[in-house]
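Below you'll find the structure, written out as structure tokens, and then a few comments.
The values are calculated or read from the model by the stated rules, or taken from the named source; none is laboratory data. Owing to the predicted nature of the structure, the values given are computational and were not obtained by experimental measurement. Note that each Cβ is placed from the backbone with ideal geometry, even for glycine, and that neighbours are counted across all protein chains shown.
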Amino acid sequence: MPASNPRTSPSSNTDDKNDAFIKVGERDLTITRVFNAPRELVFKAWTKPEHLTRWFKPKGCTLPKCEMDFHAGGVFRFVIRGEDGKDYPFNGEFVEIVEPSRIVFKGNIHDVPGQNVFTTVTFAELDGKTKLTVHQTYTLESDATRGAPTGWSQTLDHLEKFLITA
Amino acid sequence: MTPATSDRLSATFAALADPTRRAILARLQSAEVSVTELAEPFSMSLPAVSKHLKVLERAGLIARGREAQWRPCRLEASPLKQVADWVAHYRRFFDESFDQLDDYLGELKKKEKKHARKQSKN
């Protein structure tokens, strides 16, 4: 986001005392799915571009760019092309890889500074099947919006209430 | 998410980061309220409340009437909905991806079986 945007430029408001670069938004997402395949195979589907290009995208989208250095500290560069032909980059770094049980990576979404996601994928054995859990923390950071970094879960609880009545 | 959307979300999150502003929004859920009425429960000066209202207005969370004396504030829901949609968007990404992963794993399993048969023949 451009720093010159007047909507989010630093102002002299009383609540803008804090100069720290802080998280302005944070949300968690957990998704679980059981796959009828052995754990090693499910893990394998995450390890190479030839596998990921087949499934790591929403329906109707393609993955025209899929480069990855699959080890801790290795970087990845993905481009997801939408049905509308638009490209959505997703770039980042593998933080931890434990074969065949765990992959941790952090990434930036759509080249927007401060729009990041931290992802932990766990693979658990379940009578020959595999329980896959993806846990993600999405953050939105901005040096232009300053305030107290605390109280987010509370804010979002309130938000849920608003949405019911709004 | 586009940079513009993310910018709007930042403004919404920043506006919601303050407990007084959240309380103001909560108050506006039930009715349109004047600035004077809003100031009452917070033991704050009118200018201080006005400052909070300006932040909320900039984030598009409230709208204010045009009357010079009595500018009633009203809650605007769409930025709040956008925050909720933010993560729903990514949940959809995985729901759809996992459907495709399921199909792909079926394909991989067949390939591995074939491979295993070939190896046992040799």
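Here is how the numbers come out for the structure above:
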read-out: Qualifying helices (runs of 4 or more DSSP H) (wholly inside region B:8-87; at least 2 residues being among the small types (Gly, Ala, Ser)); value: B:19-28, B:46-58
read-out: Yes/no for residue B:26 being without any contact (Cβ under 8 Å) to a residue 60 or more places away in the chain and within 30 Å of residue A:52 (Cα to Cα); value: no
read-out: Which numbered condition residue B:80 fails, given (1) buried (at least 16 other Cβ atoms within 10 Å of the Cβ); (2) modelled with pLDDT of 85 or more; (3) in contact with a helix residue (DSSP H, G or I) (Cβ under 7 Å, 6 or more places away or on another chain); value: (2)
read-out: Count of region A:24-47 residues which are part of a loop (DSSP other than H, G, I, E, B), within 19 Å of the chain's Cα centre (by Cα) and in contact (Cβ under 8 Å) with a residue 12 or more places away in the chain; value: 2
read-out: Answer from B:71, B:64 - the residue that is touching a strand residue (DSSP E or B) at 6+ places or on another chain (Cβ under 8 Å), surrounded by 11 or more Cβ atoms within 10 Å (Cβ to Cβ), more than 7 Å from every other protein chain (Cβ to nearest Cβ) and modelled with pLDDT under 85; value: B:71
read-out: Cross-chain or 6+ apart pairs with Cβ under 9 Å, region A:88-116 first and within 14 Å of another protein chain (Cβ to nearest Cβ), then part of a strand (DSSP E or B) and of a type in the set (Lys, Arg); value: A:88/A:81; A:89/A:65; A:89/A:77; A:90/A:77; A:114/A:23; A:116/A:106
